[in-house]
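**Student:** A single structure is presented below for examination.
The values are calculated or read from the model by the stated rules, or taken from the named source; none is laboratory data. Worth saying up front: this structure is predicted, and the values here are computed from it rather than measured. Note that each Cβ is placed from the backbone with ideal geometry, even for glycine, and that neighbours are counted across all protein chains shown. Surface areas here come from the heavy atoms of the whole protein model, side chains and all, with no ligands, DNA or RNA. Shrake-Rupley method; radii C 1.70, N 1.55, O 1.52, S 1.80 Å.
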Amino acid sequence: MNMLDRLKTAILAGDGAIGTMLYARGIGLDSNFEHLNLVRPALVLELARQYAAAGAQVIETNTFGANYTKLAAIGLGHKVGEINRAGVRIAREAAGGSDLLVAGSVGPLVRMKGEEQELNSGSMEEYFRAQCTALAEEGADLLLLETFASLEQLLAAVRAARETGLPVCASMAFMEGGHSGDGTTVEEFCSAVEAAGVDMLGANCGAGPLELVKVVRRLAALTAKPISAYANSGFPEYHDGRYIYRATPDYFAAMAEEMAAAGANLIGGCCGTTPEHIAALARTLAGRRPAPRIPAQARAAAGPLAGARSGGASFLDQWGSRKVITVELDPPKGMDCRRIVENSRRLKEAGADAINLAENPLARPRMGNIALGSVIRREVGIEVIIHVTGRDRNLIGMQSDMMGASLLGLRTILAVTGDPAAMGDHAGATSVFDLHSFTLIKLLSDMNRGVNAIGNPIGSGTGFTIGAAFNPNTRNMAVQAGRLRKKVANGAGFALTQPVYDPALFLDALEQTRDCGIPLLPGIMPLVSERNAEYLHNEVPGITVPDAIRARMKGLEKEAGRREGLAIAKEFIDATFTAAGGYYLIPPFGKCELALELIDYIHARERE
């Protein structure tokens, strides 16, 4: 069975770093590791055998830098073919007679000394062709093009690799925020290499395991092809003359499990990983089947419930292709939920992507949003974003309810701290706050990995898309941006802002959080009267209504107030339309008609 067939039914474990292990054996960083295939083959073979013994099912050749541009710099340009063929023989010997696969490793080119201009497309293909041909002729099972920071170079390598007839995997290195060294986004990379005809695509190296999980999630929403993921063991630290990677094998294996849940098919290690890391990874992945995955285009064609059935849909799947719209509705204070279900249906028909359900806002009791969200999801067929606070549940109850929410198919959670109980109208109520927004996000992320708060397994992961709150109504945007970075590091994948009325504040927030690499949707709450504007500005935490806006609402109520409030909201949309990827609409007092009018306005702007 060839590799592509095997990946349909199993997740394969790759090997780890060769350079890290050679460095640990005393080989200097200024040495040419690939030349060791000829001068110290026994050492390279020993390391490859350690990875095979650790459980790696795909063994890479020690040929990452065995291209003409790198070898010519040390006078070995004439040995490209010989070094690459030796690399395949060593890896094949390490694999033995088993069903282990040999991946021919191909890395990027470097500018050669004395060249006044950058490499051109023709010369790049020529250099890659020489390396790929040698790897293929010696018997590699596939070609792994890895750690590319230039999309132009990677596409040249793909063209050369495809000439061999071997399966081709194209892998790029992405830094924090999901951009490569040349600025290529995950989405641009995926589109380009799929068009070039690769058999597999993925990411390696870059910013560490957590960032790679995010990249895998984005790729899984874009492609049906197998995905590779080879993460570094965190960032290196220089200590006592040596570079040390601090991520433990157990942590690395846990992140590998999260990559598998996100959609990765081939998972291994890059810089800093050792046979111990791969052994832990292989144990974690043993017997695991690939996660169900339907790319966004197919989900959109299949209808609103298709993703819910597969466990992979998200209102963010259309991010970047059109404006994403989510609308918040207040759960009822009593038992009758007919109105909110009907309003959800109207919003869905108008083009909303998701319904937000707050949890007892301002610490005043309303119908439980998990049960209500389940009803809306079932009867309307629209995604529901459940707001979850740390105020109302202790650590035990939180885990129980979140497992229940996942069981009901409610997989999008906005994690917030919550208003203190003292703000509400129940004098005897107390706040719990075992968890605040940061620790709640971390808990949800752990549950996605299939473990509870103390690390005990809960079976399969909960599959949550985790959201965070962001307040742009601040005098110090840098502090809020820093808070969001911490939330993203803990596992947040999108953010919704408090209602904001000043477009400049939102645009500043976008700029200062750009490195977070997650969707940020501005909250739009249309004003309806002077009284409403003054109440929000003076009494509701986290909301600021600028003086100029309050002046426009002065003396207005009823229909006049509604018209002016909508005009202000539309002006905000106009001012942010190019920058914003979507909007979070918050109609006051359950006035669904306000949200419907804004949805129509956004769609009209898109058609312009």
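**Student:** Is it possible to state the helix-based mean residue ellipticity at 222 nm for the chain, with each DSSP H run of 4+ residues giving -39500 (n - 2.57), the sum divided by total residues, to the nearest 500 deg cm²/dmol? What is it?
**Tutor:** Values: 24 runs with 264 residues, N = 608.
Taken over the chain, the calculation gives -13000 deg cm²/dmol.
**Student:** Mind checking the angle between helix 530-539 and the chain's longest principal axis? C-alpha axes, 0 to 90 degrees, to the nearest 10.
**Tutor:** Result, in degrees: 60.
**Student:** Taking the mean number of other Cβ atoms within 10 Å as a proxy for protection, how do you rank 127-138, 548-559 from highest to lowest?
**Tutor:** Working: 127-138: 21.8, 548-559: 13.9.
Those peptides, ordered most packed to least, come out 127-138, 548-559.
**Student:** Here is a follow-up. Would you work out which of Phe494, Asn456, Ala504 lies farthest towards the positive end of the dipole of region 416-516? Charges go on Cβ: Lys and Arg +1, Asp and Glu -1.
**Tutor:** Among Phe494, Asn456, Ala504, the one farthest towards the positive end of the dipole of region 416-516 is Asn456.
**Student:** Non-local amide H neighbours of Asn356 (under 5 Å, H modeled in plane, Pro and chain starts lacking H): which ones?
**Tutor:** Val327, Glu328, Leu329, Ile385
**Student:** Here's something else I'd like to know. Can you give the angle from 0 to 90° between the axis of helix 209-220 and the longest principal axis of the chain, with both taken from C-alpha atoms, to the nearest 10?
**Tutor:** Once rounded, the angle reads 80 degrees.
**Student:** Starting from a Cα-only point model with no solvent, please compute log10 I(q)/I(0) by Debye for the chain at q = 0.12 1/Å.
**Tutor:** Per q value, in the given order, log10 I(q)/I(0) is -1.15.
**Student:** Just by accessible area at a 1.4 angstrom probe, what is the order of His277, His78 from largest to smallest?
**Tutor:** Final ranking, largest accessible area leading: His78, His277.
**Student:** Give, rounded to the nearest 20 debye, the magnitude of the charge dipole that the chain has about its Cα centre when Lys and Arg contribute +1 at Cβ and Asp and Glu contribute -1 at Cβ.
**Tutor:** 1140 debye
**Student:** Given region 409-464, report the % of alpha carbon pairs whose separation exceeds 18 Å.
**Tutor:** Result: 46 percent of Cα pairs exceed 18 Å.
**Student:** Here is the link list: Lys323/Lys591; Lys333/Lys487; Lys570/Lys591; Lys323/Lys487. Which ones come out longer than 27 Å on Cα distance? Numbers along the way, then the final one.
**Tutor:** Details: Lys323/Lys591 22 Å; Lys333/Lys487 31 Å; Lys570/Lys591 16 Å; Lys323/Lys487 24 Å.
Flagged as over cut-off: Lys333/Lys487.
**Student:** To the nearest 0.05, how large is the calculated FRET efficiency for Leu38 and Ala286 if R₀ is 25 Å and r is the Cβ-Cβ distance?
**Tutor:** The formula returns an efficiency of 0.10 here.
**Student:** Can you give me the long-range amide H partners of Gly582? Hydrogens built in the peptide plane at 1.01 Å from N, cutoff under 5 Å, separation of 5 or more residues or another chain.
**Tutor:** Amide H neighbours of Gly582, under 5 Å, 5+ apart: Val324.
**Student:** Would you please give the FRET efficiency between Glu342 and Ser460, computed as 1/(1 + (r/R0)^6) with r the Cβ-Cβ distance and R0 = 30 Å, to the nearest 0.05?
**Tutor:** 0.30
**Student:** If you don't mind, another one. For the charge dipole of the chain, defined by +1 on Lys and Arg C-beta atoms and -1 on Asp and Glu C-beta atoms about the Cα centroid, which residue among Met525, Gly206, Ile386 has the Cα displaced farthest towards the positive pole?
**Tutor:** Value: Ile386.
**Student:** Right, next: Which shape class, rounded, prolate or oblate, goes with region 463-608 when its Cα gyration tensor gives a ≥ b ≥ c as root eigenvalues, a/c under 1.5 marks rounded, and past that a/b bigger than b/c marks prolate?
**Tutor:** Prolate, because a/c is 1.5 or more and a/b exceeds b/c.
**Student:** Averaged per residue, what accessible surface does region 340-417 expose to a 1.4 Å probe, in Å²? Write down the numbers at each step before the final one.
**Tutor:** Values: 2700 Å² over 78 residues.
Ligands and nucleic acids excluded, the result is 35 Å² per residue.
**Student:** Given +1 on the Cβ of Lys and Arg, -1 on the Cβ of Asp and Glu, and no further charges, what dipole in debye does region 514-608 carry about its Cα centre, rounded to the nearest 20?
**Tutor:** Taking the Cα centre of region 514-608 as origin, the dipole is about 60 debye.
**Student:** Given Cβ point charges of +1 (Lys, Arg) and -1 (Asp, Glu) and nothing else, what value in debye, to the nearest 20, does the dipole of region 58-214 about its Cα centre take?
**Tutor:** Working: 11 positive and 22 negative charges, 93 e Å.
Result for region 58-214 is approximately 440 debye, rounded to the nearest 20.
**Student:** Another one. Once fully extended, how much extra length lies between Asp99 and Val432, figured as 0.36 nm per residue of separation less the alpha-carbon to alpha-carbon distance?
**Tutor:** Extra length available between Asp99 and Val432 comes to 114.4 nm.
**Student:** Please work out the FRET efficiency for the pair Ala575 and Val375, using the Cβ-Cβ distance as r and a Förster radius of 51 Å; give the result to the nearest 0.05.
**Tutor:** 0.85
**Student:** Using Stokes-Einstein with the Kirkwood hydrodynamic radius over Cα pairs, what translational diffusion coefficient do you get for region 51-102 at 10 °C and a viscosity of 1.306 mPa s, in µm²/s rounded to a whole number?
**Tutor:** Rounded, D is 134 µm²/s.
**Student:** Have a look at Ala160, Leu145, Ser180 and report the one farthest towards the positive end of the charge dipole of region 109-220, computed about the Cα centre with Cβ charges (Lys/Arg +1, Asp/Glu -1).
**Tutor:** Ser180
**Student:** On the accessible surface of the chain, probed at 1.4 Å, how many percent belong to carbon and sulfur atoms? Before the final figure, lay out each step's value.
**Tutor:** Working: 12960 of 25090 Å².
For the chain, the apolar C and S fraction of the accessible surface comes to 52 percent.
**Student:** I need the phi-derived Karplus couplings for region 149-158: 6.51 cos²θ - 1.76 cosθ + 1.60, θ = phi - 60°, integer Hz, Gly and Pro marked x.
**Tutor:** 10, 10, 5, 4, 4, 4, 5, 5, 5, 4
**Student:** Another question, if that's okay. Could you work out Rg/(2.2 N^0.38 Å) for region 405-517, with Rg from alpha carbons only?
**Tutor:** Normalised Cα radius of gyration, region 405-517: 1.21.
**Student:** How tilted is helix 558-576 with respect to the longest principal axis of the chain? Cα atoms for both, answer in degrees (0 to 90, nearest 10).
**Tutor:** It is inclined by approximately 20 degrees.
**Student:** Suppose all protein chains stay in the model; what accessible area per residue would a 1.4 Å probe give for region 59-183, in Å²?
**Tutor:** Averaged over the residues of region 59-183, the accessible area is 40 Å².
**Student:** Hey, how many Å between the Cα centroid of region 101-177 and the Cα centroid of region 36-74?
**Tutor:** Between the Cα centres of region 101-177 and region 36-74 lies a distance of 16 Å.
**Student:** Next question. In terms of the Cα gyration tensor, with a ≥ b ≥ c the square roots of its eigenvalues, is region 135-227 rounded because a/c is under 1.5, prolate because a/b exceeds b/c, or oblate?
**Tutor:** Taking the square roots of the gyration eigenvalues as a ≥ b ≥ c, region 135-227 is prolate.
**Student:** Straight distance only, please: which lysines reach the Cα of Lys70 with their own Cα at less than 21 Å, same-chain residues fewer than 8 apart left out?
**Tutor:** Within the straight-line cut-off, Lys70 pairs with Lys79, Lys113.
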